[in-house]
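Enquirer: Could you have a look at this structure, given as structure tokens, before my questions?
Here, each number is a calculation from the coordinates, and none is a lab measurement. Every value quoted in this text rests on a predicted model; they were computed, and no experiment measured them. Here Cβ is always computed from backbone atoms with ideal geometry, including for glycine, and neighbour counts include all displayed protein chains.
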Amino acid sequence: AQSVTQLGSHVSVSEGALVLLRCNYSSSVPPYLFWYVQYPNQGLQLLLKYTSAATLVKGINGFEAEFKKSETSFHLTKPSAHMSDAAEYFCAVRRSNFGNEKLTFGTGTRLTIIP
Amino acid sequence: NAGVTQTPKFQVLKTGQSMTLQCAQDMNHNSMYWYRQDPGMGLRLIYYSASEGTTDKGEVPNGYNVSRLNKREFSLRLESAAPSQTSVYFCASSEVQLYSNQPQHFGDGTRLSIL
């Protein structure tokens, strides 16, 4: 069974500091990985997705994630935090290769930005 | 661009009442999903529909039923609401492509309270 683990349910960083949100996955097949962001009282928006074309994936709002097979990780980073980055972030893995299979979500990391 | 539309946005029910949550997507996606989101638990899949005319159980289907009315619409029904079903419900849709990392697109959610 495929799963994801997000380390740290709450992360606080100062404005302008590095953001690092951790995600580790377990997968018996090459994984399909995603990061989503959820702003208060809204649905989930896609930040970025992993494709086998590149291990470093760039997403929206200056976020990026690096796929490391040896560490089974897909951590999300942003060099300089902005107040507007305050939200909840979810890592997700799709369970198979066959297109429409189900996503398994991590439990989420709430990011707080300190002015 | 409407994307995925959920109605209603908020609802309060009494224990034992029934209700149907509506979801419609205008992206011509084959697959649709219903999730519930509870604090500290991420998103959990209730039911999904891989294509028009098919539905399958997810992780937490008990107490729910679904109908894939046509390609656009996928409804979730609570036959006899219980306080444990107090949650935020999200509908999502995605395209089906073999060996392709297609993301799911989410609605803004329905916030449901059962008293």
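Enquirer: Among the lysines, which have Cα under 27 Å from the Cα of residue A:102 when same-chain residues fewer than 8 positions away are ignored?
Expert: A:49, A:58, A:68, A:69, B:9, B:57, B:71
Enquirer: With charges only on Cβ, +1 for K and R and -1 for D and E, what is the dipole size of chain A about its Cα centre, in debye, rounded to 20?
Expert: My answer is approximately 300 debye.
Enquirer: In addition: Please get the size of the charge dipole for chain B, origin at its Cα centre, with Cβ charges of +1 on Lys and Arg and -1 on Asp and Glu, quoted in debye to the nearest 20.
Expert: With only Lys, Arg, Asp and Glu charged at Cβ, the dipole is about 260 debye.
Enquirer: Moving on. Excluding the sites themselves, what is the longest stretch of chain B that contains no GluC sites (Glu not before Pro) in a DSSP loop with at most 13 other C-beta atoms within 10 Å?
Expert: Longest site-free region, per DSSP loop and neighbour criteria: B:1-58.
Enquirer: Turning to a different aspect of this structure: I'd like the antiparallel share, as a percent to the nearest 5, of DSSP beta bridges with both residues in the protein assembly as shown.
Expert: 90
Enquirer: Counting only other chains, what is the mean number of Cβ atoms within 10 angstrom of the Cβ of each residue in peptide B:61-73?
Expert: Neighbouring Cβ atoms belonging to other protein chains average 0 per residue here.
Enquirer: Could you work out the local net charge near residue B:107, counting Lys and Arg as +1, Asp and Glu as -1, over the other residues with Cβ closer than 15 Å to its Cβ?
Expert: For residues surrounding residue B:107, the net value is +1.
Enquirer: Can you give the Kirkwood hydrodynamic radius for the protein assembly as shown, in Å, rounded to one decimal and based on Cα pairs?
Expert: After inverting the pairwise mean of 1/r, the radius is 18.1 Å.
Enquirer: Roughly how many whole Å is it from the C-alpha centroid of the range A:41-114 to that of the range B:2-23?
Expert: Measuring centre to centre over Cα atoms gives 28 Å.
Enquirer: Specify which residue in the list A:108, B:103, B:40 is farthest towards the positive end of the charge dipole of the protein assembly as shown, using unit charges on the beta carbon of Lys, Arg (+1) and Asp, Glu (-1), about the Cα centre.
Expert: Projecting each Cα onto the dipole axis, the largest value belongs to B:40.
Enquirer: Continuing with the same structure: Give me the net charge for the shell around residue B:49: Cβ to Cβ below 12 angstrom, other residues only, Lys and Arg +1, Asp and Glu -1.
Expert: +2
Enquirer: Along the positive direction of the dipole of chain B (beta-carbon charges: Lys, Arg +1; Asp, Glu -1; about the Cα centre), which of B:93, B:51, B:20 reaches farthest?
Expert: B:20
Enquirer: Apply 1/(1 + (r/R0)^6) to the Cβ-Cβ distance of residue A:41 and residue A:64, taking R0 = 30 Å, and write down the FRET efficiency to the nearest 0.05.
Expert: 0.65
Enquirer: Another question about this same structure. Across the residues of B:38-50, average count of Cβ atoms on other protein chains within 10 Å?
Expert: 4
Enquirer: What is the average number of partner chain Cβ atoms found within 10 Å of a Cβ in B:101-111?
Expert: Taking all residues of B:101-111 together, the mean is 6.
Enquirer: Rank A:42, A:32, A:60 by how far each Cα sits towards the positive end of the charge dipole of chain A (+1 on Lys, Arg Cβ; -1 on Asp, Glu Cβ) and give me just the farthest.
Expert: Value computed over the given set: A:32.
Enquirer: Still on this structure, I have one more. Could you order peptides B:85-92, A:66-73 by the average number of other Cβ atoms within 10 Å of their residues, highest first?
Expert: The densest-packed peptide leads the list: B:85-92, A:66-73.
Enquirer: Expected output is a single nm value to one decimal: the length gained when fully extending between residue B:102 and residue B:15, i.e. 0.36 nm times separation in residues minus the C-alpha distance. What is it?
Expert: Full extension from residue B:102 to residue B:15 adds 27.5 nm.
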